[in-house]
Amino acid sequence: MDTGSIPSGTQGRRASWPARRLFPLLATVIMAAAGMAGTIWGPRFYGKTAWALPDDLWGTLIAAQRLAHLDLASLYTYPTQLVSLPGAAIILVPAIAVIDPAGLPLTLPHAHGAYPSVWWFAGPYQVAISAVALFAADAIAERLGATRPKRFWLAAASATALWSVTVRWGHPEDAVAVGLFLYAILALADAGPVRSAWLAGAAVAVQPLVLLAFPLLAAVVEPRRLPGYVARAAAPGALLLAAAAAANWTATVHAVTSQPNYPEIDHPTPWIYLAPRIADGQVAAGPGRVLAIAAALGCALVVARRWRAARVPAAGRWGPGALTELLWWTAVALALRSAFEPVMVSYYLWPPLAVALAAAASDWSRLLPVGCTAVGLTFFSQVQWHNPWAWWTPMVAGLALALFFARPRSRGTRSRGTRPASQMLPEAGEQLAADGAP
């Protein structure tokens, strides 16, 4: 899957995969070890004995167990609380292949007790699969010619931000989807539209949040390839959803379309006042997400216009500037979810932060402030404020600050170690040179 190229200056035989991906490998091991220690022994520092487990993981694990037993009709019924596409459960099926034969009981934590033995395996496993986002970011950094110190800082900051998604909240599907989508962008930049389409489709099938950024890919794909690209990208999610709907139409359609949120538990935002009420204090996220989709389509139109104006070749390998540009716009599109969501959880902030870090990987003047902002925002977002303005306002401001730091260089400015912004989107005449560049 790794499509990164050899950095500039590397001579001789290509290094082995573990050597090239040393930093994300180390980050994954450290995050898994620290996560297990923090969830098992960390609560003792606060006078508690129960393990600090990610509540949201257990329902998805139960959905994966039902899927492994081919019980599609129960995929979207209690207690799974699954609202994503079936791919979110599929990525956990390998864990079930170990949990079931080992005889480890799998129930919701409050029913099972404070010390579920299944966590000893499920915890490291969800961190391991979530690390696809770290490896994708490192492959992009390598493609952009980032030095090893920059890639070290990228892995450290990215893993720290990823803690909120995995160890804290238990949503590996978000990390897997964003990682696959980053690989899809990288494949497209390396003149692999077919591979890119399948990777994007797999990302959507795992977590549809990446659909906000999909119009950006469609905007830069060669027009004659666009129908095939969209068809391939739509196939995985459509087939999985059709299978689940055929088994239990009512439960599947209700879970996927209603998208309930819980303002009494999570963080309501100012959009809560416009959100339709459902039942038991829940609200529907649909209207706010329609606004986010409309704004994402606007971003795609801007990107399409910039691509045409810069005369980026529809086919062929992109230069580093074009890849950086598309990554940044992808971060902007993913940030729109937080801008318009009526109820938020802290891990909603992670996808745009992860992509912004990758976009800034080749330039210290962007990577350092983006990394510091991402780490600070990750921990500050865990505060328990429930006022619609008090929590949401600094979170969105922090996202905007990260995007500001990660933005590609303005036209006409130069920075040591970076190209002039006039080459940010290389013209067709520059493409031959780019083909030989890392």
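The values are calculated or read from the model by the stated rules, or taken from the named source; none is laboratory data. Given the structure is predicted, the values throughout are model-derived calculations rather than measurements. Glycine gets a Cβ as well: all are built from the backbone with ideal geometry, and neighbour counts include every protein chain shown. For the accessible areas, the whole protein counts, side chains as well, though only heavy atoms, and no ligand, DNA or RNA atoms are used. Shrake-Rupley method; radii C 1.70, N 1.55, O 1.52, S 1.80 Å.
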* For region 229-245, state whether one or more residues are part of a loop (DSSP other than H, G, I, E, B), touching a residue at least 12 places away in the same chain (Cβ under 8 Å) and surrounded by fewer than 20 Cβ atoms within 10 Å (Cβ to Cβ). => no
* Considering only residues that are β-branched (Val, Ile, Thr) and closer than 17 Å to ALA292 by Cα, look in region 302-342 and name the one that is farthest from the chain's Cα centre (by Cα). => VAL302
* Asked: Restricting to region 1-38, what's the tally of residues that are at pLDDT below 50 and in contact with a helix residue (DSSP H, G or I) (Cβ under 9 Å, 6 or more places away or on another chain)?
  -> 7
* **Residues being open to solvent by 20 Å² or more (accessible area, probe 1.4 Å) and either part of a helix (DSSP H, G or I) or more than 19 Å from PHE121 (Cβ to Cβ) (or both) - total across region 86-96** => 3
* **Complete set of residues in region 57-82 that are open to solvent by 20 Å² or more (accessible area, probe 1.4 Å) and of a type in the set (Val, Ile, Thr)** => THR77
* Structure fact -> Across (1) among the hydrophobic types (A, V, I, L, M, F, W, C); (2) over 23 Å from TRP385 (Cβ atoms); (3) in contact with a helix residue (DSSP H, G or I) (Cβ under 8 Å, 6 or more places away or on another chain), TRP271 clears everything bar (2)
* Asked: Looking at region 327-384, which of its residues are assigned to a loop (DSSP other than H, G, I, E, B), open to solvent by 30 Å² or more (accessible area, probe 1.4 Å) and of a type in the set (A, V, I, L, M, F, W, C)?
  -> VAL383
* Could you say which residue among ARG66, ARG44 is in contact with a Ser or Thr (Cβ under 7 Å, 6 or more places away or on another chain) and assigned to a helix (DSSP H, G or I)? -> ARG66
* **Options ALA157, ALA205, ALA197, ALA191: the member that is among the hydrophobic types (A, V, I, L, M, F, W, C), on the phi > 0 side of the Ramachandran plot and more than 12 Å from the chain's Cα centre (by Cα)** => ALA191
* Write out, first by first residue and then by second, each pair whose Cβ atoms fall under 6 Å of each other, whose residues are 6+ apart or on separate chains, and whose first residue, in region 246-257, is among the polar types (S, T, N, Q) while the second is open to solvent by less than 100 Å² (accessible area, probe 1.4 Å). => ASN248/ALA73; THR252/TYR76; THR252/ALA244; THR252/ALA245
* Structure fact -> Given the conditions (1) surrounded by fewer than 18 Cβ atoms within 10 Å (Cβ to Cβ); (2) at pLDDT 85 or above; (3) not β-branched (Val, Ile, Thr); (4) not in a helix (DSSP H, G or I), every one holds for GLY281 apart from (2)
* Hey, can you tell me all the residues within region 16-41 that are over 20 Å from LEU162 (Cβ atoms) and not in a helix (DSSP H, G or I)? => SER16, TRP41
* Asked: Using beta carbons and a limit of 7 Å, which pairs, at least six apart or on different chains, have the first residue in region 1-28 and surrounded by fewer than 13 Cβ atoms within 10 Å (Cβ to Cβ) and the second one modelled with pLDDT of 90 or more and in a loop (DSSP other than H, G, I, E, B)?
  -> SER8/GLY145
* To do: Please go through region 343-366 and pick out each residue that is more than 18 Å from the chain's Cα centre (by Cα) and under 26 Å from ALA296 (Cα atoms).
  => VAL343, SER362, ARG366
* To do: Among the residues of region 165-186, count how many are crowded, with 24+ Cβ neighbours inside 10 Å, over 11 Å from LEU199 (Cα atoms) and among the small types (Gly, Ala, Ser).
  => 1
* Could you list all residues from region 97-131 that are closer than 24 Å to ILE30 by Cα, part of a helix (DSSP H, G or I) and without any contact (Cβ under 8 Å) to a residue 60 or more places away in the chain? => VAL98, ILE99, PHE121, TYR125, ILE129, SER130
* Scanning for something open to solvent by less than 10 Å² (accessible area, probe 1.4 Å), at pLDDT below 95 and β-branched (Val, Ile, Thr), does region 250-262 turn up at least one residue? -> yes
* Asked: Only one of these conditions is not met by ALA191: (1) in a loop (DSSP other than H, G, I, E, B); (2) open to solvent by less than 10 Å² (accessible area, probe 1.4 Å); (3) farther than 15 Å from ALA358 by Cα. Which number is it?
  -> (2)
* region 186-199 residues that are over 23 Å from ALA361 (Cα atoms), paired with ones that are part of a helix (DSSP H, G or I) and of a type in the set (Phe, Trp, Tyr) (beta carbon under 6 Å, 6 or more apart) -> PRO193/TYR229; ALA197/TYR229
* Asked: In region 263-278, how many residues are part of a strand (DSSP E or B) and crowded, with 20+ Cβ neighbours inside 10 Å?
  -> 2
* To do: For ARG317, indicate whether it is part of a loop (DSSP other than H, G, I, E, B) and of a type in the set (Lys, Arg).
  => yes
